[in-house]
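Novice: The following block contains the structure, expressed as structure tokens.
The values are calculated or read from the model by the stated rules, or taken from the named source; none is laboratory data. The model shown is predicted, which means the values in this text are computed figures rather than measured ones. Virtual Cβ from ideal backbone geometry, glycine too; neighbours counted across all protein chains shown.
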Amino acid sequence: MNVNHNTEKDRLNFWEKLYLPEIARGLGLTLRQMFKKPMTRQYPEERWEPTGSYRGRPVLVLEEDGERCVACSLCSRVCPALAIEVQAAETTREKERYPVKFEINMLRCIYCGFCEEVCPEEAIVMSKDYELVFTNQEDAIMGKDKLLIPIAQLQDRLEFLRRFK
Amino acid sequence: MSPLLTDILILLAKVVLIVNGLLMSAAYLVYFERKISAWAHNRIGPNRVGPLGLFQSFADVFKLYLKEDIIPTLADKKFHFIAPIISIGVAMAVYAVIPFGDSFVVGGKEVFMTVAPGINIGLLFVFAMSSVGVYGITLAGWSSNNKYSLLGGLRSAAQMISYELSMGLSIIGVLMLSGSLDLTKIVHAQAGGKWNIFLQPLAFIIFLVASFAETNRTPFDLPEAEPELVGGYHTEYSGMKFGLFFLAEYANMVTASAMMVLLFLGGWEVPGLYEALALPAGSPLVALVQFGVFAAKLVPILFFFIWVRWSLPRFRYDQLMNLGWKVMLPLALANIIITAVVITILQHYGIM
């Protein structure tokens, strides 16, 4: 008969079988932990400020003379979750095209950052915003009003992209 | 006022004091349980309700009162209702005989710091009552008409009966040394630093382990083993009925700790303390100091209970039974024989 002998009796030595020394060791371990500094943060009062490498909510870059986006729809094309919808239109500005409609459905977005990677104009970037709570589904679909963020607020991410992209 | 009326009033005052004190201590044990677990996990723990979260327990109880009380359709409603009452009633009844100190004299009247003073079977009463406690849990498990609850209740019955034996046998050595079942007399027998923990160390360890099993605390919390049995015997309880089981568990924890203090740690006796204070005998101040000493010994044991819960994993069922019947019981019996032999020898040579 092919019996594999690996019972508790075989595994433990005499002192381990007594339980008490091992229990004391375990208790000592937890007692040491009790005097350490807590690792947790008091969330609503203490907020975590992410670094430039953090991929939060994707936003559109707003420069002094208007948005960077030229509505090429590459982001919409690459988006694996089909979260982005872009409608292009013509404009008299130098870039000639701009998005009339730019919507990201934040219920679909998976924060992969492909849109940012594919963007030829560096117009869509991942922000540091991680507090995304909605009370209804309509709020989760973000139009241009919520997506356009002044370039000054996105410097960390743009710097990160210049160095590591 | 007639003497009978005074007696009744004093008795009522003591009962109100102990019931409320017990509920409060259970409430704060829950708070400290959560705090200590948080410290052991490098967390902060409850800190929102009141300063340092001190009112958390009241918020918890308030929530339990406001919750819907659900009774399963196919449950045995009578027993489903009675089970938590048995649990909490029994847990509180034990405090009738637990002394928190000696007596003190107020207005020419001697007041004992026990609800029922001078009961000469105090220890037996405590053990009898804690055995009845298993009915609460088993009935809860059986009446819920839920297989997990039933398994929890059955495990509880098996576990409590197994460990009650070694618990009962472990204190026989203490009884032989003190020669009485009256808890006050057992404490007095330990006066002058003759604490039973030094005279009966093996009995203390057996009693400690068995009381963990009796109070259903980790590592012996098989009756409520949440990963296996959902919630064990209280799966089908909600609202304050669940709260009563919860309270009973913590009240039992206080009882077990109080028994350890009384039987092994010398109760309110500290060598030299009362002589050094030189307070007049029988003054309420002495009683206060005695209660303080009692509490000071109680708190570390309660901390130990909670500390163990957040350190050790749960026993497997076969390990539980092996430990109970093959290790603890023979050790307790051996302890009785050794104690008896030593006492006989010492008495023969006239030392004791």
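Novice: Among the numbered criteria (1) within 25 Å of A:Val100 (Cα to Cα); (2) surrounded by 14 or more Cβ atoms within 10 Å (Cβ to Cβ); (3) not hydrophobic (A, V, I, L, M, F, W, C), which single criterion is violated by A:Lys128?
Specialist: Going through the list (1) within 25 Å of A:Val100 (Cα to Cα); (2) surrounded by 14 or more Cβ atoms within 10 Å (Cβ to Cβ); (3) not hydrophobic (A, V, I, L, M, F, W, C), A:Lys128 breaks only (1).
Novice: Test of understanding: among B:Phe207, B:Phe220, which residue is within 14 Å of chain A (Cβ to nearest Cβ) and crowded, with 20+ Cβ neighbours inside 10 Å? Can you show your working first?
Specialist: Details: B:Phe207 fails: within 14 Å of chain A (Cβ to nearest Cβ).
Exactly one of B:Phe207, B:Phe220 is within 14 Å of chain A (Cβ to nearest Cβ) and crowded, with 20+ Cβ neighbours inside 10 Å, namely B:Phe220.
Novice: Give segment B:28-63 a look and list any residue that's free of Cβ contacts under 8 Å to residues at least 40 places away in the same chain and of a type in the set (A, V, I, L, M, F, W, C), or say none.
Specialist: B:Ala38, B:Trp39, B:Ile44, B:Val49, B:Leu52, B:Leu54, B:Phe55, B:Phe58, B:Ala59, B:Phe62 - these are the residues of segment B:28-63 that are free of Cβ contacts under 8 Å to residues at least 40 places away in the same chain and of a type in the set (A, V, I, L, M, F, W, C).
Novice: So which residues in segment B:139-165 are surrounded by 24 or more Cβ atoms within 10 Å (Cβ to Cβ) and more than 19 Å from B:Pro219 (Cβ to Cβ)?
Specialist: B:Ala140, B:Gly141, B:Ser143, B:Ser144, B:Ser149, B:Gly153
Novice: Quick one: would you say A:Glu46 is within 14 Å of another protein chain (Cβ to nearest Cβ) and part of a helix (DSSP H, G or I)?
Specialist: Here the answer is no, as A:Glu46 does not meet what is asked.
Novice: If you don't mind, there's one more thing I want to ask. Determine which single condition B:Gly324 fails, assuming it passes every other condition in (1) in a helix (DSSP H, G or I); (2) within 14 Å of chain A (Cβ to nearest Cβ); (3) exposed (fewer than 14 other Cβ atoms within 10 Å of the Cβ).
Specialist: (3)
Novice: Let me ask something else. Please specify each residue of segment B:33-57 satisfying the condition of being within 12 Å of chain A (Cβ to nearest Cβ), within 13 Å of B:Ser311 (Cα to Cα) and part of a helix (DSSP H, G or I).
Specialist: B:Ile36, B:Ser37, B:Ala38, B:Trp39, B:Ala40
Novice: Answer yes or no: is there a residue in segment B:179-186 that is surrounded by fewer than 19 Cβ atoms within 10 Å (Cβ to Cβ), over 18 Å from the mean Cα position of the chain (by Cα) and polar (S, T, N, Q).
Specialist: yes
Novice: Cβ-Cβ below 7 Å, separation at least six or inter-chain, first residue in segment A:28-41 and more than 7 Å from chain B (Cβ to nearest Cβ), second loosely packed, with under 11 Cβ neighbours inside 10 Å and modelled with pLDDT of 85 or more: which pairs?
Specialist: If the second residue must be loosely packed, with under 11 Cβ neighbours inside 10 Å and modelled with pLDDT of 85 or more, the pairs left are A:Arg41/A:Trp48.
Novice: Here is a follow-up. With A:Lys144, A:Lys165 as the choices, which residue is charged (D, E, K, R), over 19 Å from the mean Cα position of the chain (by Cα) and under 27 Å from A:Glu49 (Cβ atoms)?
Specialist: Going through A:Lys144, A:Lys165 in turn, just one is charged (D, E, K, R), over 19 Å from the mean Cα position of the chain (by Cα) and under 27 Å from A:Glu49 (Cβ atoms): A:Lys144.
Novice: If you scan segment B:192-215, which residues turn out to be outside any helix (DSSP H, G or I) and over 19 Å from the mean Cα position of the chain (by Cα)?
Specialist: B:Gly192, B:Gly193, B:Lys194, B:Trp195, B:Gln200
Novice: Also, quick follow-up: Picking from B:Ala91, B:Ala96, B:Ala116, which residue would you name as being modelled with pLDDT under 80 and within 26 Å of B:Leu12 (Cβ to Cβ)?
Specialist: Result: B:Ala116 is the single residue among B:Ala91, B:Ala96, B:Ala116 that is modelled with pLDDT under 80 and within 26 Å of B:Leu12 (Cβ to Cβ).
Novice: Just to be sure before I move on: is B:Tyr349 within 24 Å of B:Glu249 (Cα to Cα), aromatic (Phe, Trp, Tyr) and more than 12 Å from chain A (Cβ to nearest Cβ) in the structure I sent? Explain how you work it out, then say what you get.
Specialist: Working: within 24 Å of B:Glu249 (Cα to Cα): no; aromatic (Phe, Trp, Tyr): yes; more than 12 Å from chain A (Cβ to nearest Cβ): yes.
Considered against the rule, which asks whether it is within 24 Å of B:Glu249 (Cα to Cα), aromatic (Phe, Trp, Tyr) and more than 12 Å from chain A (Cβ to nearest Cβ), B:Tyr349 comes out as no.
Novice: When you look at A:Glu22, is it within 11 Å of chain B (Cβ to nearest Cβ) and free of Cβ contacts under 8 Å to residues at least 24 places away in the same chain, yes or no? Lay out the reasoning, then the answer.
Specialist: Working: within 11 Å of chain B (Cβ to nearest Cβ): yes; free of Cβ contacts under 8 Å to residues at least 24 places away in the same chain: yes.
It is true that A:Glu22 is within 11 Å of chain B (Cβ to nearest Cβ) and free of Cβ contacts under 8 Å to residues at least 24 places away in the same chain.
Residues checked against (1) more than 14 Å from chain A (Cβ to nearest Cβ); (2) part of a loop (DSSP other than H, G, I, E, B); (3) modelled with pLDDT under 85:
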residue: B:Glu228; (1), (2), (3): yes, no, yes
residue: B:Met260; (1), (2), (3): yes, no, no
residue: B:Trp268; (1), (2), (3): yes, yes, yes
residue: B:Leu285; (1), (2), (3): yes, no, yes
residue: B:Ala332; (1), (2), (3): yes, no, no
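Novice: Please name all residue pairs, on different chains or six or more residues apart, with Cβ atoms under 6 Å, provided the first residue is in segment B:84-106 and is free of Cβ contacts under 8 Å to residues at least 60 places away in the same chain and the second residue is part of a helix (DSSP H, G or I).
Specialist: B:Ile86/B:Tyr135; B:Ile86/B:Gly136; B:Ala93/B:Met129
Novice: Evaluate the following for B:Leu298: is it part of a helix (DSSP H, G or I) and more than 30 Å from B:Glu228 (Cα to Cα)?
Specialist: yes
Novice: Could you please find all residues in segment B:1-32 being outside any helix (DSSP H, G or I) and either among the aliphatic types (A, V, I, L, M) or touching a Lys or Arg at 6+ places or on another chain (Cβ under 9 Å) (or both)?
Specialist: B:Met1
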